[in-house]
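Here is the structure we will look at.
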Amino acid sequence: MTASSLPGTVSNETVVETYDRVATAYDWLVAPMQSGTRARALDALAVEPGERVLEVGCGPGHALSAFARRVGPDGRVVGLDAAPGMLARARTRTARSHAADRTDLVVGDARSLPLRDGAVDVAFVEDTLELFSPAETRVVLAELDRVLAADGRLCVVTMEREAAERDPFVRAYEWVFAHVPGYDRFGCRPVYARRALEDAGFTIESEERRRQWGVWPVEILLAHPA
C-alpha cells in the first residue's frame, strides 16, 4: 500500500464532530496515556525562552502548558483545534496551570492556518496527521511549511505505517477500523508520516520509534522546512 492509496473513510468534518463530542472522555482517558511519548517529543523540540510555538490539533491542551513554561513571559503559544469541545478543555487546563496569559486558543482548520507566513519558530503536531486523507495531509504540511520561520522546526508524533504494515497490532487495528460500525468516524489510522514530510520538502533531523502503551507503534519525527 502506498501513501496515495490510503483514502479517508469519512470526511474530516465528521471526524471533528466526533472528537468534539468525546472531548471530556479523551481528556481523561486517552491523552494521559500519551504522556511518555509527548514528553520525549517536547525534549526533542527543545523549545527556548521567547520562542513562538504553534500546536496544531492541540486537543485538551496537555502540551500547551509545558510549552508556555518553556517560552517564558517573552514567548507565545498558539493552540489550534477544529473541535470547540477540545478547546474548552484546553482553556480550563491552561488557566489552571497559569499559562493562559501567554497562550492563544483558536478554533481553526489545519488546512488553512490563520497565521501569517513565518509566524512561528516551532510547530508541534501530535496524533493529528492521521486524521486527514493523503491529499489533505499535503495541504496541512504545506501550511506548516508556510507559517514556520526559515530556521524553524516541526515535530510530528504519529502512528507510523512504514515498516509496520505486518505488525500484529496495526493489522488488528485496521480490521477494527474496517469492520466495527462507527469506528471510522474517529478517522485515526496509521500513515506514512516520514514519507509525507519528505515529499513536502521537509528535512528529517531525527526519528524515534516507540510503542505507545507498549503495543501501539508510533514515531517521533523532528524536521526542518526546506
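The values are calculated or read from the model by the stated rules, or taken from the named source; none is laboratory data. All of these numbers come straight from a predicted model, not from anything done at the bench. Neighbour counts are summed over all protein chains in view; Cβ atoms, including those assigned to glycine, are modelled from backbone coordinates with ideal geometry.
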>> Could you list, ordered by first residue, the pairs with Cβ atoms under 6 Å in which the first is in region 157-168 and at pLDDT below 85 and the second is surrounded by fewer than 23 Cβ atoms within 10 Å (Cβ to Cβ) and among the acidic types (Asp, Glu), at least 6 apart or interchain?
In response: 160/219
>> Need a quick list: strands (runs of 3 or more DSSP E) entirely within region 1-107 having at least 1 residues that are in contact with an Asp or Glu (Cβ under 7 Å, 6 or more places away or on another chain) and within 14 Å of residue 128 (Cα to Cα).
In response: 76-81
>> Here is a list: 143, 207. Which entry is over 27 Å from residue 13 (Cα atoms), touching a Leu at 6+ places or on another chain (Cβ under 8 Å), surrounded by 14 or more Cβ atoms within 10 Å (Cβ to Cβ) and acidic (Asp, Glu)?
In response: 207
> Cβ-Cβ below 6 Å, separation at least six or inter-chain, first residue in region 20-40 and surrounded by fewer than 13 Cβ atoms within 10 Å (Cβ to Cβ), second outside any helix (DSSP H, G or I) and not β-branched (Val, Ile, Thr): which pairs?
Replying inline: 33/213
>> Condition check: crowded, with 16+ Cβ neighbours inside 10 Å and under 17 Å from residue 137 (Cβ atoms). Does residue 164 satisfy that?
In response: no
> Could you list, in sequence order, the residues of region 138-148 that are touching a residue at least 60 places away in the same chain (Cβ under 8 Å) and under 23 Å from residue 67 (Cβ atoms)?
Replying inline: 140, 141, 144, 145, 147, 148
> In the list 110, 123, which residue meets the criterion of being in contact with a Cys (Cβ under 8 Å, 6 or more places away or on another chain), surrounded by 16 or more Cβ atoms within 10 Å (Cβ to Cβ) and hydrophobic (A, V, I, L, M, F, W, C)?
Replying inline: 123
> Taking interchain pairs and intrachain pairs at least six residues apart, which have beta carbon atoms under 6 angstrom, with the first residue in region 173-190 and without any contact (Cβ under 8 Å) to a residue 40 or more places away in the chain and the second among the hydroxyl-bearing types (Ser, Thr, Tyr)?
Replying inline: 176/183
>> Just the residues that are under 22 Å from residue 139 (Cα atoms) and in a strand (DSSP E or B), please, taken from region 185-217.
In response: 191, 203, 204, 205
> Taking the condition touching a Leu at 6+ places or on another chain (Cβ under 8 Å) and among the β-branched types (Val, Ile, Thr), does residue 158 pass?
Replying inline: yes
> If residue 80 passes every condition in (1) surrounded by fewer than 19 Cβ atoms within 10 Å (Cβ to Cβ); (2) of a type outside the set (Phe, Trp, Tyr); (3) within 26 Å of residue 184 (Cα to Cα) but one, which one does it miss?
Replying inline: (1)
